[in-house]
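The values are calculated or read from the model by the stated rules, or taken from the named source; none is laboratory data. Here the structure is a predicted model, which is why all the values come from computation and not from measurement. No Cβ is skipped: glycine too gets one built from the backbone with ideal geometry, and neighbour counts run over all protein chains shown. Surface areas here come from the heavy atoms of the whole protein model, side chains and all, with no ligands, DNA or RNA. Shrake-Rupley method; radii C 1.70, N 1.55, O 1.52, S 1.80 Å.
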Amino acid sequence: MRYYVDNQHEITIPAASMAELVSGILARYPVLRPHLFDAEGNLRRHFNIFVNGANIRDLNGMDTPLTDGDKVILMASAAGG
Amino acid sequence: MLPELSHEEILRYSRHLLIPEVGLDGQRKLKNSSVLVIGTGGLGSPVALYLAAAGVGRIGLVDYDVVDQTNLQRQVIHGASTVGQLKVESARAKMLDLNSDIQVDVYNEPFTSENAMRIAKDYDVLIDGTDNFPTRYLSNDVAVFLGKPNVYGSIFRFDGQVSVFDARRGPCYRCLFPEPPPPGLVPSCAEGGVLGVLPGTVGTLQATEALKLLLGMGDPLIGKLLLYNALDMSFDFVTLKKNPKCRVCGPSADIHELIDYEEFCGVPGHDHEDGSAGADWDIEASELASRLNSGASTSLSADLLLLDVREPHELQISALPHALNIPLGQLASRLSELDSAREMVVFCKAGTRSARALELLVSAGFKKVRNLKGGINAWAREVDTTLPIY
């Protein structure tokens with residue numbers, strides 16, 4: 001993902017839920033929107049978001065609550081080899 | 001019945017035999033085992049070398065590419081003396097030089113739905129060292145259908161991912177990535193580059209996981225994904241669960257045989273840039289040169305706009321005079337800088353990014369736009385040989 005965010009590896013954005021966090025990220029890096037969401041607004045299926053090591057698909061998706069110090073990883077698939 | 005080791009082999013593997021977790025029995029297990037390495041590029045290089053050195057008895061290599069100069073920055077199994085040779089033959093020679101006691105089977109053919117099951121069925125472990133999405137989904141599905149572990153690794157720039165997908169004991173690749181990215185959204189190493197040592201790190205981790213699986217020791221990366229970043233030297237682990245909706249390994253799976261993976265992914269099963277936007281939209285380097293020469297060079301920028309969609313640092317390698325640079329990632333937000341009434345030729349390194357830029361421009365209403373086929377590299381080959389090719 002760094003490719004699209006000026007090589008930033010870590011950003012801090014105040015948010016109480018994953019949806020808020022993603023909105024904050026997209027406000028700062030609008031170029032990421034087509035990477036995260038399809039035309040219908042669904043999270044793309046080559047894209048994964050983890051909170052403290054757990055996939056939000058196994059939690060409450062975009063409604064997953066966030067608390068202070070949570071580590072969120074945004075990860076797209078990569079094919080390079 | 002495990003094969004015996006000769007005195008020479010006992011000497012060769014002395015450092016393994018000293019580890020209780022391997023020992024004589026473990027080394028005999030390795031001699032009796034087999035691994036299929038899919039792709040002999042950046043990841044396949046360290047995997048094949050270390051598995052050969054470790055004494056894995058039979059190693060298969062699948063690749064249909066030939067060694068070229070741009071491989072040598074990271075594909076350390078090949079060398080300057082093997083440029084132009086088949087990768088599988090170049091790799092086999094190096095592996096047998098390292099360890100002539102092993103058997104190396106080569107498959108100089110693309111890994112496809114037609115041959116994949118036949119090639120993979122007689123190996124204990126598969127290693128996904130490919131460079132494209134179609135072959136990754138194919139490798140996964142083959143592993144699921146054959147009930148074998150698939151040791152996954154992928155790389156881009158400074159980032160690597162490693163896991164062991166074994167649908168019998170945990171999630172598969174499709175559980176994590178049910179669908180590939182839309183074509184063009186995720187850049188390949190040929191477009192975005194990769195730190196040369198990165199596949200060394202990631203491939204060595206894959207080789208480690210393969211040895212653990214073969215020896216039945218340690219805690220394999222099943223149900224876990226390692227995310228490595230070389231710049232931070234960070235290793236993050238995340239938990240992967242089986243996806244109940246997985247189309248190949250879930251309880252209501254609807255894919256029971258190999259499919260057309262190029263169609264599924266919408267991209268070809270290789271990482272080579274063909275540099276074309278389609279015949280109707282391409283302009284050859286020689287044709288562009290004669291167009292430019294026929295116009296007065298002083299009024300060139302008024303007649304025809306050359307749009308360079310590469311990253312700014314690439315302009316230090318090669319550039320065309322009078323070209324306007326707008327990196328592909330910024331193009332959508334900078335369309336107002338362009339005059340749609342003016343003729344435009346878009347170019348990049350090899351024609352892939354510019355083809356994507358052309359699509360974007362056409363969908364935004366630009367009509368007089370062409371793609372420099374093969375990019376500035378084609379220009380350097382055919383028109384201005386003083387420019388380097390990269």
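Taking the criterion of being within 14 Å of another protein chain (Cβ to nearest Cβ), in contact with a Leu (Cβ under 6 Å, 6 or more places away or on another chain) and of a type in the set (A, V, I, L, M, F, W, C), the only residue of segment B:94-137 that qualifies is B:126.
If you go through segment A:29-59 and pick out every residue that is over 30 Å from residue B:333 (Cβ atoms), open to solvent by 80 Å² or more (accessible area, probe 1.4 Å) and more than 8 Å from chain B (Cβ to nearest Cβ), you end up with 1.
For segment B:138-163, residues that are more than 7 Å from chain A (Cβ to nearest Cβ), open to solvent by 10 Å² or more (accessible area, probe 1.4 Å), in contact with a strand residue (DSSP E or B) (Cβ under 7 Å, 6 or more places away or on another chain) and of a type in the set (Phe, Trp, Tyr) total 1. When segment B:168-197 is limited to residues that are free of Cβ contacts under 8 Å to residues at least 60 places away in the same chain, more than 25 Å from residue B:312 (Cβ to Cβ) and more than 7 Å from chain A (Cβ to nearest Cβ), the one that is least open to solvent (accessible area, probe 1.4 Å) turns out to be B:173. Residue B:56 satisfies every condition listed in (1) part of a loop (DSSP other than H, G, I, E, B); (2) open to solvent by 10 Å² or more (accessible area, probe 1.4 Å); (3) closer than 23 Å to residue B:139 by Cβ; (4) more than 14 Å from chain A (Cβ to nearest Cβ) except (2). Mind checking whether some residue in segment B:160-171 is in the same structural domain as residue B:125 (by TED's automatic domain parsing) and farther than 21 Å from residue B:237 by Cβ? Within segment B:160-171, one or more residues are in the same structural domain as residue B:125 (by TED's automatic domain parsing) and farther than 21 Å from residue B:237 by Cβ. If we scan segment B:278-294, do we find a residue that is in contact with a strand residue (DSSP E or B) (Cβ under 9 Å, 6 or more places away or on another chain) and within 25 Å of residue B:181 (Cα to Cα)? Yes, there is a match, as at least one residue in segment B:278-294 is in contact with a strand residue (DSSP E or B) (Cβ under 9 Å, 6 or more places away or on another chain) and within 25 Å of residue B:181 (Cα to Cα). Taken over segment B:248-269, the criterion of being within 11 Å of chain A (Cβ to nearest Cβ) and open to solvent by 60 Å² or more (accessible area, probe 1.4 Å) is satisfied by no residue. Remark: residue B:231 falls outside the filter, which requires a residue to be in the same structural domain as residue B:375 (by TED's automatic domain parsing) and in contact with a Phe, Trp or Tyr (Cβ under 8 Å, 6 or more places away or on another chain). Residues that are away from chain B (no Cβ under 11 Å) and in a loop (DSSP other than H, G, I, E, B) within segment A:60-81 comprise A:60, A:64, A:66, A:67, A:68, A:69, A:70, listed in sequence order. Does segment A:11-26 contain any residue that is on the phi < 0 side of the Ramachandran plot and within 9 Å of another protein chain (Cβ to nearest Cβ)? No; the residues of segment A:11-26 include none that is on the phi < 0 side of the Ramachandran plot and within 9 Å of another protein chain (Cβ to nearest Cβ). Return yes when residue B:76 is under 25 Å from residue B:158 (Cβ atoms), in a loop (DSSP other than H, G, I, E, B) and touching a residue at least 60 places away in the same chain (Cβ under 8 Å) and no when it is not. Yes; evaluated as a whole, the condition is true for this residue. Residue B:333 meets all of the listed conditions (1) closer than 28 Å to residue B:190 by Cβ; (2) of a type in the set (Ser, Thr, Tyr); (3) part of a loop (DSSP other than H, G, I, E, B) but one, namely (3).
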